[in-house]
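Student: Structure provided below as structure tokens; questions to follow.
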Amino acid sequence: MHSRIASLILLHALVGVVVAQSLTIYSGRGEALVQPLVEQFTAETGIEVSIRYGGTAELAVLILEEGRASPADVYWGQDAGALGALSQAGRLMQLPTDLTAGLPGIYTSRGGLWIATSGRARVLAYSPERVDLDRWPASIFDLAGAAYAGRVGWAPTNGSFQANVTAMRMVHGEDATETWLRDMLANDVQAYRNNTTLVEAIAAGEIDFALTNNYYLLRFLVNDPGFPVAQAFFDDGDIGNLVNVAGAGIVDTSRNLEAAQRFLAYLLETDSQSYFTDEVYEYPVVPGVTPNERLVSYAALLGASPDVDLDVLEDLEGTLELLREVGLL
């Protein structure tokens, strides 16, 4: 009898070890971008990772719908808006202060419920062959003008675009944002499925401008320095230059808390931050990691960015409702 009890205790302990060494991640970050980093995490820690890829907003909504039954331990989104939405709903845990301390101000969430893992900026990509820089638009709002009719592309289902619309709602108001969206549609804006196809569409001559993130073009230029697309900011402080983050938080129903904390800490390590900037062309979020030389400087980034508290991007559902109302979703 004692032998059987001892065996059961040992089995229970071993099962506990297995559970502690597994992790389920819901990732709005693309598989091609982050799977190598996830695999390296498993190689270094022995923690097995089950990862579900999908749209940033889609997975945030899924966690809300799954409720207490959600299998997700970590939510990894490509923008602060979805992270804020989960925070507001009470679905992310308070993180240890050693994970949240020391991040630059433009990458910081005051609530301490998620960490920024990398930074990026919204930019206007364009065709140097077909765009006159002397008539460069001062603001994202200018793109609804007659001079840009049929020449601009966007990706309305993309999380970063949706976060940009959320920021516009917070800074300029619901009415101004809805008017801009409807004016853009009336101006024959072209919709694409993602940012990569937007950049490709400029090169193919389908459009002359695209609202996108800073890093997509850089990936093309690495393989083809003569790729016929460039990018720039609007005037300093314009909402079209939103500086956003990819970030991660621990779901409040996580059954693997220690492994989840280790994963978040891993994303802030020097090697991981170097991967984000060297391979993904995003900005590192920890001191001591030099941004990729292809990126504009921090000084230029800070000068161009609007003064937007990332915590105000939490109303993702309000943005989705607006996009549905105007016919974009």
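The values are calculated or read from the model by the stated rules, or taken from the named source; none is laboratory data. What you are looking at is a predicted structure, and each value in this text was computed from that prediction instead of being measured. Cβ atoms come from the backbone with ideal geometry, glycine included; neighbour counts cover every protein chain shown.
Student: Could you list, in sequence order, the residues of region 100-118 that are outside any loop (DSSP other than H, G, I, E, B), surrounded by 19 or more Cβ atoms within 10 Å (Cβ to Cβ) and either at pLDDT below 90 or among the hydrophobic types (A, V, I, L, M, F, W, C) (or both)?
Tutor: Initial filter on region 100-118 (outside any loop (DSSP other than H, G, I, E, B)): 100, 105-107, 115-118.
Those left that are additionally surrounded by 19 or more Cβ atoms within 10 Å (Cβ to Cβ): 100, 106-107, 115-118.
T100, I106, Y107, I115, A116, listed by residue number.
Student: Got at least one residue in region 289-299 being within 27 Å of I25 (Cα to Cα) and either of a type in the set (D, E, K, R) or free of Cβ contacts under 8 Å to residues at least 12 places away in the same chain (or both)?
Tutor: no
Student: So is Y298 surrounded by fewer than 21 Cβ atoms within 10 Å (Cβ to Cβ) and either closer than 30 Å to A69 by Cα or of a type outside the set (D, E) (or both) or not? Walk me through how you get there before you give the answer.
Tutor: Details: surrounded by fewer than 21 Cβ atoms within 10 Å (Cβ to Cβ): yes; either closer than 30 Å to A69 by Cα or of a type outside the set (D, E) (or both): yes.
It is true that Y298 is surrounded by fewer than 21 Cβ atoms within 10 Å (Cβ to Cβ) and either closer than 30 Å to A69 by Cα or of a type outside the set (D, E) (or both).
Student: Identify, please: which residue in region 252-275 is aliphatic (A, V, I, L, M) and in contact with a strand residue (DSSP E or B) (Cβ under 6 Å, 6 or more places away or on another chain) and is, among those, nearest to L62 (Cα to Cα)? Quick ask: steps written out before the conclusion?
Tutor: Narrowing region 252-275 to residues aliphatic (A, V, I, L, M): 257, 259-260, 264-265, 267-268.
Subset that is in contact with a strand residue (DSSP E or B) (Cβ under 6 Å, 6 or more places away or on another chain): 259-260, 264, 267.
Numbers: A259: 22, A260: 19, L264: 21, L267: 23 Å.
Per the criteria, the residue is A260.
Student: Counting residues that are at pLDDT below 95 and under 30 Å from G318 (Cα atoms), which helices (runs of 4 or more DSSP H) fully inside region 1-76 reach at least 1? Outline the logic, then answer.
Tutor: Working: elements: 2-20, 31-45, 56-66.
Answer list for region 1-76: 31-45, 56-66.
Student: Within region 150-179, can you find the residues that are under 19 Å from the mean Cα position of the chain (by Cα) and not polar (S, T, N, Q)?
Tutor: Taking region 150-179 as the starting set, the residues that turn out to be under 19 Å from the mean Cα position of the chain (by Cα) are 154-170.
Answer for region 150-179, where residues must be under 19 Å from the mean Cα position of the chain (by Cα) and not polar (S, T, N, Q): W154, A155, P156, G159, F161, A163, V165, A167, M168, R169, M170.
Student: Let me ask something additional. Just to confirm my filter: which helices (runs of 4 or more DSSP H) fall fully inside region 230-329 and include at least 1 residues that are under 30 Å from D188 (Cα atoms) and outside the structural domain of L37 (by TED's automatic domain parsing)? Lay out the reasoning, then the answer.
Tutor: On the way: elements: 257-267, 270-279, 298-304, 316-326.
Where helices (runs of 4 or more DSSP H) fall fully within region 230-329 and carry at least 1 residues being under 30 Å from D188 (Cα atoms) and outside the structural domain of L37 (by TED's automatic domain parsing), they are 298-304, 316-326.
Student: Against the definition (surrounded by fewer than 21 Cβ atoms within 10 Å (Cβ to Cβ) and of a type in the set (S, T, N, Q)), how does T157 come out, yes or no?
Tutor: Numbers: surrounded by fewer than 21 Cβ atoms within 10 Å (Cβ to Cβ): yes; of a type in the set (S, T, N, Q): yes.
Considered against the rule, which asks whether it is surrounded by fewer than 21 Cβ atoms within 10 Å (Cβ to Cβ) and of a type in the set (S, T, N, Q), T157 comes out as yes.
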